[in-house]
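Here's the structure, in structure tokens; my notes come after.
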Amino acid sequence: MIVKEREIPLKIEQIDALLRNLVPNHFKVSVVQHDLKKRSAGYNGEKAIDYHLSFLSGKKYMIFNDLRLPLPPYHFQIDSLLVTPYYCLILEIKNISGTLTIDPEFNQLTKYYDGVETGFSDPISQAQRQSLLLQRFFYENKLVMPPIVYLVVISNPKTILKIANGQKLTPPYTKIIHAQNLIDEISKLNSKFTKETASKKDISKIKRVLLNSHTPLYTNILTNYGLEKSDLILGVRCEICSGKMERQHRTWYCHSCKFTSNTAHERIIEDYFLLIKPSITNKELRTLLGIQSPKTARLLLNALNLKTTGSTKGTIYHKEFH
Ligand SMILES: [Zn+2]
């Protein structure tokens, strides 16, 4: 049972919004596009794992995708977490292409792709670290803790896993597996962990705490790319011809192609939250949309059902990302 669906990562949504709003032919476009391609490949790799996990049936599995949990003063992130009354399984998902050679003697991984050999940060130590952090998270939130185990899953079925010359695959490297073996590995865990450590009540508490604690990472994307607000063309634009739209008689009107829309402002407000900051005031909205009337701005904002703080003129509307 999927308790937390995998959604498009906030970073990808921010990059998409950036590409929509960067001034045409901006010199950073290619860098941003390259990042988008890399991140999308990672996301698609994670979705490929979801396909394999969809074969798990029954209520005993709770699947949490893409969790980011607080452990003050930091946060840690888990690609997928499987919670059962018998054990918890952390999946560290790797989208690697080419050949991956494991050298157990030197704790070293090498990736060979397109004629280039590169060292690879050890995903095992990464997964081990996440296990420790998750243990601490359970402990600090006073949750009953089933044994925590992990697997590193290679999402690309074409990736070749190799052992360095003359060596044998030994633990912990046996925990690096191909996605197509994931279900088999989970069956093995089911045979290994037969003692029910968490009751129904414990499990529902774990579920509640994990879902409530999840905090997606919001970063200032303009700062990330060394950009300024002036690098953007923020404004209401026509979905047909991309022309500038103006508010006329309670609707948005495109002077170039005469298209009208009642909802054309929604896209740019979403983009504002992704690109500038996750909150907006009445005055900031008027500047963004190029409108004069505070009353119109209030009506448009109220229709978006955002959380608010403050009152009357000082009201701040907040976007909450999940
Ligand atoms: Zn138009």
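Values in this text are rule-based calculations from the coordinates and carry no lab data. Values in this document were obtained by computation on a predicted structure and should not be read as measured data. Please note: Cβ atoms are built from the backbone with ideal geometry, for glycine as well, and neighbour counts cover all protein chains shown.
The eigenvalues of the Cα gyration tensor, multiplied by 5 and square-rooted, give segment 32-151 an equivalent ellipsoid with semi-axes of 28, 18, 16 Å from largest to smallest. Going by neighbour counts of Cβ atoms within 10 Å, the residues ARG298, ARG237 line up, fewest first, as ARG298, ARG237. Value of Rg to Rh for the chain, rounded to two decimals, is 1.05; Kirkwood radius and Rg both from alpha-carbon coordinates. Legend: distances between Cα atoms for LYS37/LYS319; LYS37/LYS111; LYS11/LYS319; LYS11/LYS175; LYS38/LYS94; pairs beyond 22 Å are LYS37/LYS319; LYS11/LYS175.
When only C-alpha pairs under 8 Å and at least 6 residues apart count, what is the relative contact order of segment 141-264, in percent? RCO, segment 141-264: 17 percent. Lysine pair count for segment 234-318 with Cα-Cα distance under 21 Å and sequence separation of 8 or more or different chains is 9. Over segment 110-164, the pair-distance histogram of Cα-Cα distances with 5 Å bins from zero comes to 4, 14, 19, 19, 13, 10, 9, 7, 4, 1, 0 percent, rounded to whole numbers. For the chain, the relative contact order works out to 16 percent when only alpha carbon pairs closer than 8 Å and six or more residues apart are counted.
Compute the distance from the alpha-carbon center of segment 14-48 to that of segment 130-168, in whole Å. So the two Cα centres are separated by 29 Å.
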